[in-house]
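The structure appears below as structure tokens.
Laboratory data are not the source of any read-out in this text; all were calculated from the coordinates shown. It should be emphasised that the depicted structure is a prediction, and the values quoted were computed from it without experimental measurement. Glycine also receives a Cβ, built like all others from the backbone with ideal geometry; neighbour counts cover every protein chain displayed.
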Amino acid sequence: MTDRFGRKIEYMRVSITDRCDLRCRYCMPEGCEKVPMSHILSYEEILRICRAAAELGISRIKITGGEPFVRLGCTDLIRMIKSVEGISEVTVTTNGQTLERYIDELRNIRVDGINISLDTLNAERFAYITGRGALDKTLRGIRAAVDSGIKTKINFIPQKGFNEDEIEDIAEIAFKEGIDVRFIEMMPVGAADADTGISNTDILQRLKERWPDLEPDESVHGNGPAVYYKRPGIKGGIGLISAMHGKFCEYCNRVRLTSQGQLKPCLCYDTQTDLVPFLAGTDAELKKALRDAIVEKPAAHCFGEAVNSDNDHTEHRLMSQLGG
Ligand code: SAM
Ligand code: SF4
């Protein structure tokens, strides 16, 4: 379906839990509050919302969190959503810590893609930024994902004073493994300080210095707003997701479902529709609530603009609660 600005909305990010086995400093720092388990949607409820969304034209679903694999039965949910009529693609985003364990199942249920977050290749830095993670586990997860043949992407958030010396090393994974590596600009959501982020304009300049043959790649790589670059004759691509410095709201195709059942049309604002009361009603009522929420999607985010004015963004929950 289209929203009031004529944008085709076809992609829904579904957060299935706010829980996580890591404590990334910008996402879910130590000591943060968790949503009571009784407020988290059941798989049946998530499935029902996905069915209603599919009838409205949502064809692609991303399973996210928190960390999706900390919720028991995550692969069963993926399998069930894959069988929903109208859904053509189900992908998952993970920190990779337990991915190796699930890879056979994911291949068997034909998951359409796996995005793995990796902010550093240095074990000490990894433990620092994730609070409690082990780099080798995520690297094993990446290895297993690439070897499985499932479409794999790496998500990297460049951060000043933390991992800016690793930009080329991370990018090189794309060309070594023949997969996509995406550079995501830090957004000022939850615990994140967007000032620590690095502009993708600077990233691109650095990458072009290292690989002068880097050229724009017009082919479609996924669901989102990433702008891609490739090297002639070499597999693997570099994706730039420039939420802050290259506003792409005009082409935004997504909405988000929080683990508590709220439909968020834009990450920037706390505006949302609580779908829980509609789960007690008919399918038609649920569909109408979804449609109304999608139609009202705001024109654009206002991250980075006029902080502390009326234009300030209003979403202050943690990214782990919103699904990234
Ligand atoms: N736990 C999974 C993971 O780490 O991939 C899925 C959930 S996580 C919230 C989804 C993505 O959001 C991750 O790639 C993470 O790096 C990204 N993210 C978290 N906080 C962010 C922020 N403030 N700005 C941009 N991306 C962010
Ligand atoms: Fe967990 Fe992912 Fe957030 Fe890190 S980015 S705390 S792994 S949800």
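In the chain, the longest principal axis of the Cα atoms and the axis of helix 43-55 are about 90 degrees apart.
Taking amide H positions as modeled 1.01 Å from N, with prolines and chain starts lacking one, the residues under 5 Å from residue 89 and 5 or more places away or on another chain are 61.
In this structure the amide hydrogen of residue 182, modeled in the peptide plane, comes within under 5 Å of the amide hydrogens of 154, 155, 156, 239, none closer than 5 places in sequence on its chain.
Cross-link pairs exceeding 25 Å between alpha carbons, from the set 34/62; 247/287; 62/297; 8/247; 82/153; 82/151: 247/287.
Coupling constants for region 24-38 follow from the phi torsions by the Karplus curve (6.51 cos²θ - 1.76 cosθ + 1.60, θ = phi - 60°), and in residue order they are 4, 4, 8, 10, 8, x, 3, x, 6, 7, 10, 6, x, 4, 5 Hz; glycine and proline get x.
The alpha carbon radius of gyration of the chain, expressed as a multiple of 2.2 N^0.38 Å, is 0.95. Value of Rg to Rh for region 126-222, rounded to two decimals, is 0.97; Kirkwood radius and Rg both from alpha-carbon coordinates.
Each stretch of four or more DSSP H residues adds -39500 (n - 2.57); spread over every residue of the chain, this sum gives -8500 deg cm²/dmol at 222 nm.
Isolated cysteines in the chain, defined as those with no second cysteine Cβ under 4.7 Å, comprise 20, 32, 50, 74, 249, 252, 266, 268, 302. Scanning residues 5 or more positions from residue 23 or on other chains, those with amide H under 5 Å from its amide H are 131, 132, 133, with H placed 1.01 Å from N in the peptide plane.
Model label points for residue 201 and residue 8, set 7 angstrom from Cα along the Cα-to-Cβ axis, are 3.1 nm apart.
Could you work out how far helix 99-108 tilts from the main Cα principal axis of the chain, as a 0 to 90 degree angle to the nearest 10? Computed tilt is about 60 degrees.
For region 114-159 versus region 254-293, the spacing of their alpha-carbon centroids is 32 Å.
Applying a DSSP loop filter and a limit of 13 other Cβ atoms within 10 Å to the GluC sites (Glu not before Pro) in region 1-74 leaves 30, 33.
The chymotrypsin sites (Phe, Trp or Tyr not before Pro) of region 233-294 that meet both conditions, a loop assignment by DSSP and at most 16 other Cβ atoms within 10 Å of the site Cβ, are 248, 269.
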